[in-house]
Each structure stands twice: as structure tokens, then as C-alpha cells.
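Scroll down for the structure; my scribbles are underneath it.
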Amino acid sequence: MSKLVPWSFRTLSCWVSPGASFVAVASALLVLTGWTFDIEVLKRILPGMVSMNPATAIAFMLAGLSLWLLVREQSLKSQRVAQGLALLVLLLGALRLFGYILGTDQGPDQWLFAASLDDEPSPFPNRMAPNAALGFVLLGSGLLLMQRTTSRGRRPAEYCALLIGLVSLLALLGYAYQVTWLYGVESFIPMALHTAAVFHLMAAGLLFARRDQGWASFILSDSPGGALVRHLFPVMLPCLMLLGWLRLEGERRGMFAADMGTTMYTVVAILMVSLLIWWSARILHRADQARLHVEEDLERFFTLSLDMLCIAGKDGSFKRISPAFSTCLGYTTEELLERPFFDLLHPEDRDRTLAEMENLDCGQFPDHFENRLLCQDGTWKWLWWKAQSLPEEGLIYATARDVTEQRKAQEEIRLLNAALNERATQLDASNQELEAFSYSVSHDLRAPLRGIAGFTQALEEHAGRTLDATSQGYLSRVRRAAERMGYLIDDLLKLSRLTRAEMHVEAVNVSHQAESVLAQLRQREPQRQVECDITPDIIVHADAALLRILLENLLENAWKFTSKNPSARIEVGLTSTADDAKVCYVRDNGVGFDMRYASKLFGAFQRLHSMVEFPGTGIGLATVQRVVRRHGGKVWAEAELNKGSSFYFVV
């Protein structure tokens, strides 16, 4: 609800139907208690007034229970019980009406307390009054038709409530103005005052039983008409009734004549109605100003929106469009409003678009629907649509977004992925060829190398005594070169296998592996005295076998390049980066290297020291880099010539 519906009015409307049910049942119980124990004040409000018939009290009790069950909207069983009670109310009223029509005095209003009814001090037999019987027929009918709605959306129960309210209002005015014919029918007992009051409450309860439908929905709405009803009726009706009572009382007491009373009534009524009209007009004016302000805000959003907003009809024409349409498609607003948008659809998208428009009436529209529209320059733009249909108005509210560039980007990505897949296939084929080549080379080269090494050794043994020192040196160098070639082949095969090996990532203790590698190096060269400092329990998540290969290469290098330092020291530790990533390092105080050549460190066969100084194949650091890359990490080095080096890696 908007601010036009006061909080108190909303709260009151929620309790009208339950309150009317409670009052009807409570009043009936009090009246029946009065008849049971002969308590006059419970049977009639004031001495000398008409008492409520017990059958009337029973009918009010049934009607109150029925209304209470219908308002609660519980199970189907409860609804059927409520309709059964409403049918009984209708039958009680109808039987009494037929009795009056047929001229019989027998009816359900004599079934209870018959003796007490005959003793009533009234010129007429105490029966259910004709207007009360009519009220119960209308009340029962309204309760039975509570859930019914006509083809035009009207609710018969509301008309029943209106008639009940009119009958009861006449009776209440009759008592207030002391005009008998307003609450009674000649020759019959009149309607009791409290009967009229309960009927009036039940009429209101019947009207507000469905607050979201019909007249109640209109009264509680934030429309100007609803505001007018809420502000005028609660003030105007009581004031007019009070004004009429004052006029009659003044004439009866002789305070002024009839013509003077009529004149005064007319003048005061005109003033009062004029004030109410002016008051209501001010309220409606403020509401209209607020509405215009909201519409202006919406118009600004509609105009400034980067997305394309439109209202279209089922006839295939735009009813309203935002300026973004003109910006996107190049047409003027007038051209787009005059031209059916079906003419702008791409021929391949027309059937799909028509099918989705038909589904809109069923509330079905995909979250992602795209089609192409023709631009003024002859190009096509892809638009992404979201829409909602209002079938009763024959309109479609839609928003669109230009996704042409996104479609182009997606197409480029698709082509790029296709090219990458083709490239990956080619690379896979190349890798397989290289693997076959490596396998062939490793086996085909080993045989000649074994022949060179074997024949060289045989030549040394056979002709060693006849050869001079220079010749023997040549043979020794040939044999060592063959052995080195064998080592190179072995390292290359190991390097190629690192790429193909399957990884099993787990928690690995780097400290334990480093201790194991250094123990093997000590066994290989027991004469070396190297101080080793290993940080305990360095845990990383990696493949244990690959990490072992990495540590072997780094520690063997550290062992080798500290061989000329009598106070050799190797350190394995752990540090961290600014983002708390674990960084392992291997540090030594060996010969180090010039940082100008650090970029060549991790390439295959790249050496910064001669073979004479430090033997090796130049594959170790390339192997380290391959292991780190397989783990998605990184490796780098820091060093100073003749002071040592540090190798850092993250896996």
C-alpha cells in the first residue's frame, strides 16, 4: 500500500471480518442467555424496545461462524462446513419470508422459548421481522457466493453486502430519527435495534472478507478513487446523519419551523459537503502531484537507460521506445514507431521470434533470447531480449541489449579455440614424433658409442705399449668423450620423461628428502667435509618423485660448486613471499655466478663454468625448471661471484 492508505485504516480493515464474526456470535450468545434466564437487558437493549428473536440469534451465530471459517481459508473441509452454515442461515430467513407471504404464523422462530415469546409485551407476536428475514436471505446468499466471481469479474457477495447494509442502515436511522416505518413493516413486528446493528457489522465483514478483490480492493488501493472513498465516506455519512437528527429534534422541540429547519439543513449540508469536496480535492491534488513526480522520474530513467526499452503491441508495432533504439539501429523514433518491427527481423530469426511471442501469454520466455534486427545502414545487430506480456492489455513490455560485439568476440574465441585445438593436435603429434626420435636416437647412438668406447679400450690394451704418450692421451680423450655422450643421452631421456610422468600430489616432507640426498652425496665422497643446515619439517604439496629429482639436481650442484671451498656449507630452508606463499631454497657458499647470465641458467646445455673446472652435462637446472613448471610454480636464482648462490622454488 502507498502512503494514501493510512496505517490505521489498513489495520482496521484486517480486523473488520473477524471482528464482525466475533460480535455476531457474542451477541447471539448474550441474547440466548437472556431468553434462557429471562434477563431483559440481554434480550432488548432498553426497556420497551423490541427484543431479538431466539431464531434471529441462532441465525447470527451460524452466520458469524461461517464468516470466520471463510476468512481463515483453511482446508476444503472447513470451507464446506462454512457453506453448510451459510445455507442454514439462508433457509432460516427464507422459511420466515415464505411464512409471511403465505400468511402462516408457524416457523423456526417459534421452536425455542415459545411460552416466553407469547408473553412478550408487544402488540405483535414476537417473530423474526420481515426485513430481518430478508437480511438473513441476503446474508446467507452472500456467504454462499463468497468465492464466486462473474465472467466480468464482479462478486455477487458484494451486492448482497450492499443490500444488507442498506436495510440495516434504514433501521438504524429509523431508531435514531424515531421514524417507525424505516425499521418496521406495517402490521408486523419491527426489527430490533441490536439486530440492525449486527446486520450492519456483518455487511461490512462480508464486504472486507476478500480484501484483495472487488470493492474492498478498490477502497484499499492507492488510486485517487480509493483515497476519495476512504476520506469522504467515514466523515460525510456520520455528519449528514447527525445533521438530519439535529433538524428533526429541533422541529420536534419547537425550536424552529419546518421551512427554517429545511433551510438550515440545506445550508449546513452544502457547507459541509463543500468542505469535504475541497479537502478531498486537496488530497487528490497532492496524490496527483506525487504521481506526476514519479512518472517524471520514470521518464528520466526510460530516456537515460543504456538498454533499449520498449512497449510493443501484439499487432507487431512499437507503441513506445527509448532513445537507445535510435542510437543502436540508426532510425529516428518516428520511423521506428511507424514501421512494424517484424520488418526489421532477420529472415532466419522471424519464426523463432514469433514462437516466443506466442509463449509470452503463458508466462514462458527464455532467460536468454537473441535475434537480429536490421540497421539503417544495412547491417544487422544482435539484440538480447527480456520481455513480459500483459494479455489483458495486448501489450508486451521488453528490454533489449546490443550484444553484437559480444557475439563477434564469442565467434573470435570459437575460431581461436578451434585453431588452438588444431595447434594442440599438431603439437601432440610433434611430441609423439620427438618421443619416437628420442627413443630412436637413444638406442641408435648407444650402439656406436659402446663400439667407440669398447674399441678404444681394446686398442689401449692391444697397442698401449707401442703407442707414445700423445697417442695414449688421444685414446683417453676419445673414451671420455664417448662416456660423456652417454651421460648426455641419459640426461636427455630423463628430461623428456619428466613431461610424460603422471603426477600424484600429496604432502611431502622436503627436509627428509634433502637429508636423504645429502647422505648419498656423503657416501659418494666421504673425504668431503661439508656443513649442512636443513630446516626441519618443511612440508609442501607436490609429487614426491618429481620433488626428489628437483632436490637431487639442486643439491648435487651445490655439492659440486662448493668443492673448492674448504669451509663448504649447504643450507635448505623455507621463507615466504608477501602473499604468504611458501618458498623453499637451497643455498651454498660455492663459486656462485655472474647475475648478468642468470637468464641462461635454466636452459638445456647452458653452462656458466667450464668442464675442466666443474664437470657436468648442463641438463640439471633445465630438469629443475621442468619439475617446477609441471607443478605450476616458479624457480629463480640469486648469486654473487665467488660468494655462493641461492636457488628458490615454489611448487
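What are the membrane-span-like helices in the chain by this rule: whole DSSP H runs, Cα extent along the axis at least 24 Å, mean Kyte-Doolittle hydropathy at least -1.0? What comes out of the filter, once short or polar helices are dropped, is 7-37, 54-72, 76-102, 156-177, 224-252, 258-304, 404-463, 469-500, 544-561.
In this view, the solvent-accessible surface of S646, computed with a 1.4 Å probe and all protein chains in place, comes to about 10 Å². The modelled label-to-label distance between M255 and L76, using points 7 Å beyond Cα along the C-beta direction, is 6.2 nm.
Largest to smallest in accessible area, the residues W559, W245 fall in the order W245, W559 (1.4 Å probe, all protein chains included). Within the shell of other residues whose beta carbon sits under 15 angstrom from the beta carbon of A458, the net charge comes to +1, with Lys and Arg scored +1 and Asp and Glu -1.
Once you've got the Cα coordinates, tell me which of K314/K386; K564/K634; K582/K643; K319/K386; K560/K600 are over 23 Å apart. Intermediate results must be reported in sequence, preceding the final value.
Numbers: K314/K386 16 Å; K564/K634 30 Å; K582/K643 25 Å; K319/K386 17 Å; K560/K600 19 Å.
The answer is K564/K634; K582/K643.
Per-atom-type breakdown for region 299-437 gives carbon and sulfur 54% of the accessible area (1.4 Å probe, protein chains only).
Top to bottom by accessible area (1.4 Å), largest first, where do V198, V235 land? Mind dumping the intermediate values first?
Values: V198 10, V235 50 Å².
Output order, biggest surface exposure first: V235, V198.
Based on DSSP H segments of at least four residues, each scored -39500 (n - 2.57), the chain has a per-residue ellipticity at 222 nm of -20000 deg cm²/dmol. Please work out how much accessible surface M260 shows to a 1.4 Å probe, ignoring ligands, DNA and RNA, in Å² rounded to 10. Probe radius 1.4 Å; accessible area of M260 about 100 Å². Potential lengthening of the chain between K643 and A598 amounts to 14.7 nm, from the contour at 0.36 nm per residue minus the alpha-carbon distance. Legend: translational diffusion of the chain by Stokes-Einstein, Rh = Kirkwood radius over C-alpha pairs, 25 °C, 0.890 mPa s; D = 66 µm²/s. Rolling a 1.4 Å probe over the protein heavy atoms leaves F602 with an accessible area of roughly 30 Å².
Can you tally the net charge around N565? Count Lys and Arg as +1, Asp and Glu as -1, for every other residue whose Cβ sits under 12 Å from the Cβ of N565.
Numbers: positive: R528, K560, K564, R569, K643; negative: E531, D588.
The answer is +3.
Each label point was placed 7 Å from the Cα along the Cα-to-Cβ direction; for T149 and Q523 their separation is 9.0 nm.
Electrostatic bookkeeping for E158 treats Lys and Arg as +1 and Asp and Glu as -1; over the other residues with beta carbon under 11 Å from its beta carbon, the sum is +4.
Could you check how much of the accessible area of region 80-223 is carbon and sulfur, as a whole percent, using a 1.4 Å probe?
About 65 percent, which is the carbon plus sulfur part of the accessible surface.
Taking the three principal axes of the alpha carbon atoms in region 291-334, the coordinate ranges are 30, 24, 17 Å, sorted in descending order.
Counting only protein chains, not ligands or nucleic acids, how are I283, I101, I270 ordered by accessible area (probe 1.4 Å), most first? Display every interim value, and only then the final one.
Values: I283 20, I101 125, I270 100 Å².
I get I101, I270, I283, largest accessible area first.
Taking region 128-165 and a reference point 7 angstrom along Cα→Cβ of D105, the backbone N atoms nearer than 17 Å belong to 128-130.
Please return the longest range in the chain lying between exposed loop sites, taking GluC sites (Glu not before Pro), DSSP loop only, at most 10 other beta-carbon atoms within 10 Å, and leaving the sites out. In the chain, the maximal stretch lacking such sites is 187-391. Summed over the residues of the chain and divided among them, the accessible surface reaches 57 Å² per residue at a probe radius of 1.4 Å.
Taking every alpha-carbon pair under 8 Å whose residues sit at least 6 apart, the chain reaches a relative contact order of 7 percent.
The values are calculated or read from the model by the stated rules, or taken from the named source; none is laboratory data. What you see is a predicted model; the values in this text were computed from it and never measured. Cβ: placed from backbone, ideal geometry, glycine included. Neighbour counts: every protein chain shown. Areas reflect the complete protein model, heavy atoms only, side chains present, ligands, DNA and RNA absent. Shrake-Rupley method; radii C 1.70, N 1.55, O 1.52, S 1.80 Å.
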